[in-house]
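For reference, the structure discussed in these notes is given below.
Derivation of every value follows stated rules applied to the coordinates shown; laboratory data play no part. The structure presented is a predicted model; accordingly, all values stated were derived computationally and were not measured. A quick note on method: Cβ atoms are made from the backbone with ideal geometry, for glycine too, and the neighbour counts reach across all protein chains shown.
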């Protein structure tokens, strides 16, 4: 199998992980701010 | 053994102590922010059934990314080559996705439940409940144990401390922040843990890749791979790793209380979003970590002591400098702690709701304060048991597959119980018991699997293929499509599988469990006159704390 394909195959996963981390972090921060505004605990 | 001329890095003892104090101290301080002097029993188990998307997605992702799955994915990459991590991580990710349609159904019929076994009690009765609860106790104890083993092995490899000292440190640290607030602490700390884990994956995989030689590694290391290891469509990888996992995915998703607990905790309208995000997060992380095993294969690393569980720490110790090695340590500690705390919460919920709440306390007299005490004692005892079993250092991958297959006996009876009003308690119990009785001798080859018995195992296994594919389709497309898909897949597989499948004990054991439990459950239920009213479940499964405001009818009915 071509090295370029294998390189992409190895390095694509951290990129997807970074995207997922961004989505989760943004949602968490929004919920945290909302909880602060409403003077309640997040969970 | 590292490649020639490459030294293994180690962290100093004080550095490891500082990192553990930072990690466990930090998570403990996080829990102080949400802690209440008087915790409530329902909050201790499900955090009030209304947590948001950010926390629930983080929690679902963190819980399913356990250290054992990181190690197993890398092992799969090292053993089966480039397709190995896919055959571990992809199916592992799909298990989260496949449960979401079932999860929505379960949540609809029991919106304020704490455990799946508790719902089985309302649906069938005590025997079904205790079967599900018992399987979860075994599964969670194995999970806790394997996470402690992973922590101990990691600390032993990267520091001057011993394996025993390592397992003691992670067990004490996890218990410290989970004990007081239970599930609420677990989901809250999961966010910090997912941040550490996913963040570390983003940095560490490219760093190891370039330190190990970058694209040149694939040119120079290619001769080290067998044709099967170098083939993206390897039949070895599929038959020995992928296929048993496909059979296990549904079982994990349905049987595991850690998933069920998060299913009952998340706001109902966020279930789909949460599960899809966790599927992507888990899949990319675990496949990515599996690439460390693939790289180890290309560069010619031999696992220390012949133990493949040492591969990940060994790759990190070989190719990462001290700073990234610290990050790596935090990543694995985060992975194992988030799952271990989820399992401690699962065990405590089962003991609180299923054992004390519905079997020990007199009907209607479960005391929430006593429940909390039961939950906390359970956590301490489970941690002790995990430490005891971890001392034996079992093979993690074998444990995972075994528990998955064990839960395979439960999958059809559990799912059918939520959709088919004719399923009876007798059908449930007989199906699970019979499947277990057939599964165990097949899985462990107690009876020689050849001759006529081998052919019987093949026929049952082909039936099992149909059941697995049918169930996967059922959640998304309904009964008609599921039946067609199940029959077609069994017919298509039959010519290839008949006469051969019994050679794969792990795979055929799982498939036999599915086939037998489905067959028995179907035959006994089809003739029953039961017509269960699912709307009654929400009236019998509800809150234990009188102060919880929602669904007052449920509490009243219970009492």
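Calculate the mean, over all residues of peptide B:211-219, of how many other protein chain Cβ atoms lie within 10 angstrom of the residue's Cβ.
Neighbouring Cβ atoms belonging to other protein chains average 3 per residue here.
Percentage of Cα-Cα pair distances in region B:99-241 greater than 21 Å, rounded to whole percent?
When all Cα pairs of region B:99-241 are counted, 71 percent exceed 21 Å.
Over all directions, what mean area does the Cα convex hull of region B:320-390 project, stated in square nanometres?
Mean projected area for region B:320-390: 6.0 nm², to one decimal.
If I take all pairs of Cα atoms in the protein assembly as shown, what percentage of them are more than 39 Å from each other?
When all Cα pairs of the protein assembly as shown are counted, 26 percent exceed 39 Å.
Add -39500 (n - 2.57) for each DSSP H run of 4 or more in the protein assembly as shown, then divide by its residues: what number comes out at 222 nm, to the nearest 500 deg cm²/dmol?
-25000 deg cm²/dmol
By how many nm would the segment from residue B:219 to residue B:444 lengthen if fully extended, with 0.36 nm per residue of separation less the alpha-carbon distance?
Difference between extended and current length: 76.9 nm.
Sort B:300-306, B:112-118, B:377-383 for me by packing, meaning the mean count of neighbouring Cβ atoms within 10 Å per residue, highest on top.
With the highest mean Cβ count within 10 Å placed first, the list reads B:112-118, B:377-383, B:300-306.
Please state the relative contact order of chain B as a whole percent: Cα pairs under 8 Å, 6+ residues apart?
Taking the mean separation of contacting Cα pairs over the length of chain B, I get 26 percent.
If I take the Cα coordinates of region B:87-129 and project them onto the principal axes, what are the three extents in Å, biggest first?
Projected onto its principal axes, the Cα set of region B:87-129 covers 38, 22, 14 Å.
Within region B:200-228, name every residue whose backbone N is under 12 Å away from a label modeled 7 Å from Cα of residue A:1 along the Cβ vector.
The answer is B:218, B:228.
If we sort A:26-37, B:279-290, A:8-19 on the protection proxy, mean other Cβ atoms within 10 Å, highest first, what's the order?
Going from most to least packed, we get B:279-290, A:8-19, A:26-37.
Using the reciprocal of the averaged 1/r over all distinct C-alpha pairs, how large is the Kirkwood radius of region B:214-351 in Å?
18.1
What per residue convex hull volume, in Å³, do the alpha-carbon atoms of region B:434-509 yield?
Convex hull of Cα atoms, per residue: 87 Å³.
Let a ≥ b ≥ c be the square roots of the eigenvalues of the Cα gyration tensor of chain A; is it rounded (a/c under 1.5), or, if not, prolate (a/b larger than b/c) or oblate?
Since a/c reaches 1.5 and a/b is larger than b/c, the shape of chain A is classed as prolate.
Given R₀ = 56 Å, what would the calculated FRET efficiency be for residue B:226 paired with residue B:536, taking r from the Cβ atoms and rounding to 0.05?
Once rounded, the FRET efficiency stands at 0.45.
Between residue B:361 and residue B:12, how many nm apart are label points set 7 Å from Cα along the C-beta direction?
5.3
Let me make sure I get this right: for region B:152-206, a, b and c are the square roots of the gyration tensor eigenvalues over alpha carbons, sorted descending. Under 1.5 in a/c it's rounded, otherwise prolate if a/b > b/c, else oblate. Which is it?
oblate
If you count, for every residue in B:53-60, the Cβ atoms of partner chains within 10 Å of its Cβ, what is the mean?
5
Given a Förster radius of 25 Å and the C-beta distance between residue B:127 and residue B:373 as r, what FRET efficiency does 1/(1 + (r/R0)^6) yield to the nearest 0.05?
E between residue B:127 and residue B:373, to the nearest 0.05, is 0.40.
Once the convex hull of the alpha carbons of region B:411-559 is built, what does its volume come to per residue, in cubic angstrom?
Spread over its residues, the Cα hull of region B:411-559 gives 144 Å³ apiece.
How many nm separate the modelled label positions at residue A:36 and residue B:176, each set 7 Å beyond the Cα in the direction of the Cβ?
About 2.7 nm separates the two model spin labels.
If you take the beta carbon distance between residue B:29 and residue B:480 as r and set R0 to 41 Å, what does 1/(1 + (r/R0)^6) give as a FRET efficiency, to the nearest 0.05?
Computed FRET efficiency for residue B:29 and residue B:480 comes out at 0.15.
Roughly how many whole Å is it from the C-alpha centroid of region B:436-478 to that of region B:139-192?
35
Against the longest alpha carbon principal axis of chain A, how many degrees, from 0 to 90 and to the nearest 10, is the axis of helix A:3-37 turned?
0
Within 10 Å of each Cβ in peptide B:181-194, how many partner chain Cβ atoms are there on average? Round it to a whole number, please.
Mean partner shielding for this stretch: 2.
Using only alpha-carbon positions, what ratio does the radius of gyration of region B:45-394 give when scaled by 2.2 N^0.38 Å?
Scaled against compact globular proteins, the figure is 0.99.
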